[in-house]
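In what follows, a single structure is set out as structure tokens and then discussed.
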Amino acid sequence: MKMLLIGATGPTGRELVSQGVALGHEITAAVRHPESAAMPAGVKVMRADVTDGASIAAAVRGQDMVISSLGSKLSRKPTNLFSFGTRNILIAMNDAGVRRLICITGIGAGDSKGHGGFFYDRIIQPLLLNEIYKDKDRQEDLIRKSGLDWIIVRPGALTNSARTERVRALTDLTGITVGKVSRADVAWFILTHLSDEKLIRSTITLTY
């Protein structure tokens, strides 16, 4: 499958690239600075920035799907990177006729708020991630209203542990406290469910 990966230089993005290449997918990595983006052989690298709609449009054309692993530096300042960038992605996909989008957000977005455990819910998110997750809420809302064949993936607390392939994929968090999950398992789940029609227009929380 031909896929555009946004956020390919981040730690989760790199897992998606390495595992995707191993599975034989044709990956285009959209990066802001191609000159410093070391990618495996066979990965096409394009200069693109989600804040620049024209560059994203050029990267989306000819793809079968888009995976967004968009991230940002930790900041307590208001941001619109996720919502503004996702709006550009959605416009580009509609213009190019690309239907399938998988977007990684995180625990604490939307109705997953309050399911990250006491320390995360009461300290980490309100004190450090509040503005980021306000924008992730806007990002998810745009995706749901897009009309595309979307899947939103919300990982629990991300680790760099090895892939186990034993991740739980939850759609109902009633009574659930979401724990950790490795970036390797997040990538594995996404890449093994690219064509799963049952997941279209659903929000999946990943945890162990």
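Each value in this text was obtained by applying a stated rule to the coordinates, not by laboratory testing. Note that the structure is predicted; figures quoted are calculated from it, not measured. Please note: Cβ atoms are built from the backbone with ideal geometry, for glycine as well, and neighbour counts cover all protein chains shown.
One chain, two ends: ALA41 and LYS134. Fully extended at 0.36 nm per residue, the span grows by 29.7 nm beyond their Cα-Cα distance.
By the count of neighbouring beta-carbon atoms within 10 Å, fewest first, HIS33, HIS193 end up ordered HIS33, HIS193.
Evaluated with a Cβ-only charge set (Lys, Arg +1; Asp, Glu -1), the chain carries a dipole of roughly 280 debye about its Cα centre, given to the nearest 20. DSSP beta bridges fully contained in the chain are about 10 percent antiparallel.
The phi torsions of segment 86-94, fed into the Karplus equation with coefficients 6.51, -1.76 and 1.60 and a -60° offset, translate into couplings of 5, 4, 5, 5, 5, 4, 4, 5, 4 Hz, rounded to whole numbers, with Gly and Pro shown as x. Between ALA169 and PHE119, the C-beta separation translates, for a Förster distance of 35 Å, into a calculated FRET efficiency of about 0.90.
Taking other Cβ atoms within 10 Å as a rough exposure proxy, VAL66, VAL167 sort from fewest to most as VAL167, VAL66. Add +1 for every Lys or Arg and -1 for every Asp or Glu among the other residues with Cβ under 14 Å from the Cβ of ARG201, and state the total. After counting each charged neighbour, the total is 0. Of the residues THR207, GLN63, THR171, the one whose Cα sits farthest towards the positive end of the charge dipole of the chain is THR207 (charges of +1 on Lys and Arg Cβ, -1 on Asp and Glu Cβ, taken about the Cα centre). Compared with the dominant principal axis of the Cα atoms in the chain, helix 11-22 is inclined by about 50°.
Give me the percent of Cα-Cα pairs in the chain that sit more than 21 Å apart, rounded to a whole number.
Details: 10827 of 21528 pairs.
The share of Cα pairs beyond 21 Å in the chain comes to 50 percent.
Can you tell me how segment 104-162 classifies by the Cα gyration tensor, rounded, prolate or oblate, using a/c under 1.5 as the rounded cut? Because a/c hits 1.5 or more and a/b fails to exceed b/c, segment 104-162 counts as oblate. With neighbours defined as other Cβ atoms within 10 Å of a residue's Cβ, the residues SER72, SER36 order from fewest to most as SER36, SER72.
Below 8 Å, C-alpha to C-alpha, sequence gap of six or more: please give me the relative contact order for the chain in percent. Working shown, then result.
On the way: 410 pairs, mean separation 41.2, N = 208.
Reported as a whole number, the value is 20 percent.
Once you list every other residue whose beta carbon is under 14 Å from the beta carbon of ASP95, what net charge do they have if Lys and Arg are +1 and Asp and Glu are -1? Net local charge, ASP95 excluded: +3. Estimated from helical segments only, the mean residue ellipticity of the chain at 222 nm is -9000 deg cm²/dmol, where each DSSP H run of four or more residues counts as -39500 (n - 2.57).
Just to confirm the filter: which trypsin sites (Lys or Arg not before Pro) across segment 102-192 are DSSP coil and have at most 11 other Cβ within 10 angstrom of their Cβ? Walk me through the numbers before you get to the answer.
Numbers: sites: LYS113, ARG122, LYS134, LYS136, ARG138, ARG144, LYS145, ARG163, ARG166, ARG168, LYS180, ARG183; in loops: LYS113, LYS145, ARG163, ARG166.
Here the sparse-neighbourhood loop sites are LYS145, ARG166.
Name the shape class, rounded, prolate or oblate, that the alpha-carbon gyration tensor gives for segment 88-132, where a ≥ b ≥ c are the square roots of its eigenvalues, rounded holds for a/c under 1.5, and otherwise prolate holds if a/b is larger than b/c and oblate otherwise. Prolate.
Here the Karplus relation 6.51 cos²θ - 1.76 cosθ + 1.60, evaluated at θ = phi - 60°, turns the backbone of segment 29-45 into coupling constants of 9, 8, 9, 6, 10, x, 5, 10, 9, 7, 10, x, 4, x, 8, 7, 10 Hz, with x for every Gly and Pro.
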